[in-house]
Structures are given as structure tokens and as C-alpha cells.
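Worksheet for the structure shown next.
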Amino acid sequence: MAKRLIPSLNRVLVEKLMQPKKSAGGILLPETSKQLNSGKVVAVGPGERDREGKLIPVALKEGDTVLLPEYGGLEVKLSADKEYLLFREHDILGTLVD
């Protein structure tokens, strides 16, 4: 099994963040509660080339927390306990900042 995946072109590998099942007070949260579909960027590709052949780098970097679309992305299995998705850079909706 691969230990590290380096995406090609303008693709971004994202580890999907799982929402907590309990609140800070110990209350169990229902699965139907409204949650942000977010993830942490694990790896980014080098970028795309324009018509002249110049490299356009990916705007995201490793460690960024991003907002993901509800559908899309390619599911990648790198470990049994974590969920990874592969997106093109333009499919990611935005970066979440604390």
C-alpha cells in the first residue's frame, strides 16, 4: 500500500474531517444535523500549464482547511481509518480560516 500520494497537475488530496458525534457537554448529536463539508489538504500537485507552457501553481498548500462540494471528488484508500478524496483545484469551494 502506498504511504504517500503526490497528485498530478492541479489536483489536491484532501483528508475529510469527521464531525464529532458528541458535543462538548456530552450530548449525542444526530447524524442529520447541518454540518460543513470540510477537509484538510494533505498534498497538492505542481499545477497546470498555460498555452505558452508556463506553470500555474496551485493556490492551496498542505495543511489548509477547505470547504468541499457536497458531491464529487475521487475517493482514495490510503489507510483503513481515514477517508481521502482527490479533487481538481477549481472544484474546491474555498478555504476556511479561523
For this session: State, to one decimal in nm, how far the label point of K16 lies from the label point of E70, with both points 7 Å from Cα in the Cβ direction.
Result: 1.5
For this session: Grab the beta carbon distance between D81 and R49, set R0 = 41 Å, and tell me the FRET efficiency rounded to 0.05.
Result: 0.70
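Coordinate-derived values only; no laboratory data. Remember, predicted model here, so these are calculated numbers, not experimental data. Counting neighbours? That spans all protein chains shown, and the Cβs are built from the backbone with ideal geometry, glycine included.
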